[in-house]
Amino acid sequence: QMWEEAIALGKELAEQYENEMFDYEQLSELLRKQAQFYENIVKVIRPKPDYFAVGYYGQGFPTFIRNKVFIYRGKEYERREDFEARLLTQFPNAEKMKTTSPPGDDIKTSSGQYIQCFTVKPKLDLPSKFHRPVSEQIVSFYRVNEVQRFEYSRPVRKGEKNPDNEFANMWIERTIYVTAYKLPGILRWFEVKSVFMVEISPLENAIETMQLTNDKINNMVQQHLNDPNLPINPLSMLLNGIVDPAVMGGFANYEKAFFTEKYMHEHPEDHDKIEKLKDLIAWQIPFLAEGIRIHGEKVTEALRPFHERMEACFRQLKDKVEKQYGVRAILSSLDERRGSRPRSMVRSFTMPSSSRPLSVASVSSLSSDSTPSRPGSDGFVLEPLLPKKMHSRSQDKLDKDDLDRDKKEKKKEKRNSKHQEIFDKEFKSTDISLQQAEAVILSETISPLRPQRPKSQVLNVMSSERRFSVSPGPPSCQLTPPPITPRTKLAFSIQPNLELNGMSSSDIPDVPPPLPLKGSTADYGNLMESQDLISPTTSPPAHQRVSP
């Protein structure tokens with residue numbers, strides 16, 4: 001179940017499959033496995049094994065373990081008693097030590113075998129990629145895996161014993177063990193390479209205890225928010241143990257020990273630590289409020305009296321803490337510390353399309369004209385995800401634009417078909433040597449108001465027929481062209497000193513054949529050359545009118 005390690009290996013394989021072997025079938029299968037691993041990390045609860053420190057003392061042990069300490073990783077749900085029994089079966093003549101303090105030289109130099117075993121706590125060492133608060137389900141893996149530092153805390157009393165408050169003089173003697181390699185590794189146990197000891201003052205111990213309690217409440221609240229089907233009993237025990245002062249005493253003992261004038265006068269250097277402890281006490285209230293709210297939603301009728309008593313105790317505690325240490329905001333704190341996706345984000349992903357807001361790009365594209373923004377996108381219709389009201393307005397605009405565009409297209413096709421008829425008659429009846437040429441260079445300037453010509457009506461040079469032609473339009477049944485009202489002068493000019501398929505400009509007749517007059521300024525807007533060749537009132541000669 002070490003899915004994090006499997007994902008790291010999978011990424012190495014994916015690099016080979018994608019960029020070296022180009023085996024996309026294996027790559028797709030591997031990516032599906034990785035997706036399942038990520039889902040398991042978030043949803044599957046993995047058991048946390050315990051770690052044990054084992055010391056082998058005495059000359060009776062083999063040299064590779066003699067007078068050395070090792071850190072063992074226990075099996076799933078294995079208790080210390082079961083581990084010790086399994087360990088002693090390997091050394092039936094060994095004697096189990098009853099203390100956790102390091103032994104003296106008399107035991108180390110004796111000829112017997114002495115085994116010392118106790119539980120140690122792994123020290124969390126988060127990877128550098130977790131630079132912001134993340135879900136406890138993700139962090140929990142690194143609490144018991146990829147660990148190299150372990151600690152064992154032993155309470156020590158200094159000074160006079162205070163029968164009223166044991167926290168005032170309770171020091172913590174903490175021993176840190178550092179192994180040769182991270183656990184788990186190739187083995188389930190590694191030798192301890194360095195050991196050092198630190199002392200924790202009573203006030204520092206109180207700060208650490210309050211921090212751990214707050215984290216525990218927050219983590220359990222987060223688990224219930226992520227999985228509503230979790231059992232409620234662990235949450236009930238945790239909340240009741242903190243809220244009800246008859247169970248554990250709460251933080252009242254810290255107030256008696258450290259928040260007095262006597263302690264502040266004797267330890268002026270601890271002023272900042274006392275303020276930190278007060279802040280942690282104040283932060284516990286919003287965490288407890290969230291936990292009691294969840295407990296109230298999931299509690300059964302049989303436990304309803306228990307919940308009501310817990311609520312009454314919490315109200316008293318809340319009034320007291322907020323009066324003495326201030327109020328802390330719950331929403332920003334929980335949302336910041338909760339590593340899961342914010343609820344607003346989840347709601348946006350699951351929102352129906354009819355009520356989903358439109359993106360900025362979609363709004364801007366709809367507000368422009370209805371022509372496609374990319375070539376080749378004809379026929380690709382996007383259905384905007386707008387609310388009903390906005391959708392109807394946009395659709396009306398699109399329908400109106402489509403209707404206007406269709407009218408313009410029909411009018412242009414009709415006009416071009418008439419021009420085509422006149423164009424063909426003129427070129428078929430005129431016997432000029434220009435027909436031998438394969439290309440004619442036209443000098444033309446297009447008006448900026450000219451609409452975009454459809455692809456089906458673009459002029460093409462037909463070398464086989466040696467004439468201009470357009471895509472076939474509807475046949476005309478008229479024998480004579482209808483009268484045309486000219487709006488502009490039209491002329492074509494062949495550029496001087498230009499040879500067309502070997503013909504020089506001197507071989508070409510001086511006067512080109514007359515061309516049909518266009519009915520709109522949008523076709524040939526402002527041709528300025530040789531405009532005196534054609535009169536705007538000139539109609540085609542009678543002998544050139546040929547039936548199609």
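The helices (runs of 4 or more DSSP H) found wholly in segment 245-317 and carrying at least 2 residues that are aliphatic (A, V, I, L, M) and touching a residue at least 40 places away in the same chain (Cβ under 8 Å) occupy 271-298.
Looking only at residues in segment 1-42 that are of a type in the set (Ser, Thr, Tyr) and free of Cβ contacts under 8 Å to residues at least 12 places away in the same chain, the one that is least open to solvent (accessible area, probe 1.4 Å) is Ser28.
Inside segment 153-174, can you point out the residues that are closer than 21 Å to Lys123 by Cα and of a type in the set (Val, Ile, Thr)? Ile172, the sole residue that qualifies. Determine the pairs where a residue that is assigned by the TED database to the domain that holds Val54 and in contact (Cβ under 8 Å) with a residue 12 or more places away in the chain, located within segment 76-93, has a partner that is part of a helix (DSSP H, G or I) and open to solvent by less than 100 Å² (accessible area, probe 1.4 Å) with Cβ atoms under 9 Å apart, the partner being 6 or more residues away or on another chain. Close Cβ pairs satisfying both conditions: Glu78/Arg86.
Mind checking whether some residue in segment 192-200 is open to solvent by 30 Å² or more (accessible area, probe 1.4 Å), under 39 Å from the mean Cα position of the chain (by Cα) and not hydroxyl-bearing (Ser, Thr, Tyr)? Within segment 192-200, none of the residues are open to solvent by 30 Å² or more (accessible area, probe 1.4 Å), under 39 Å from the mean Cα position of the chain (by Cα) and not hydroxyl-bearing (Ser, Thr, Tyr). Count of segment 175-188 residues, restricted to those that are open to solvent by less than 80 Å² (accessible area, probe 1.4 Å) and in contact (Cβ under 8 Å) with a residue 60 or more places away in the chain, is 4.
Out of segment 49-59, which residues are surrounded by 14 or more Cβ atoms within 10 Å (Cβ to Cβ) and not in a strand (DSSP E or B)? Scanning segment 49-59 gives Pro49, Asp50, Gly58.
Screening Ile65 on (1) touching a strand residue (DSSP E or B) at 6+ places or on another chain (Cβ under 7 Å); (2) touching a residue at least 24 places away in the same chain (Cβ under 8 Å); (3) under 22 Å from Lys182 (Cα atoms) shows it passes everything except condition (2). Can Lys256 be described as at pLDDT below 85 and buried (at least 16 other Cβ atoms within 10 Å of the Cβ)? The answer is yes for Lys256. The requirement of being surrounded by 13 or more Cβ atoms within 10 Å (Cβ to Cβ) and either assigned to a loop (DSSP other than H, G, I, E, B) or of a type in the set (Ser, Thr, Tyr) (or both) is not satisfied by Leu238.
For the structure I just gave you, tell me whether Ala302 is among the small types (Gly, Ala, Ser), more than 30 Å from Ala168 (Cα to Cα) and loosely packed, with under 13 Cβ neighbours inside 10 Å.
yes
The values are calculated or read from the model by the stated rules, or taken from the named source; none is laboratory data. Since the model is a prediction, treat every value here as computed from it, not as a measurement. So basically every Cβ, Gly included, is an ideal-geometry build from the backbone, and we count neighbours across all protein chains shown. In case anyone asks, the SASA skips ligands and DNA or RNA and just uses the protein heavy atoms, side chains included. Shrake-Rupley method; radii C 1.70, N 1.55, O 1.52, S 1.80 Å.
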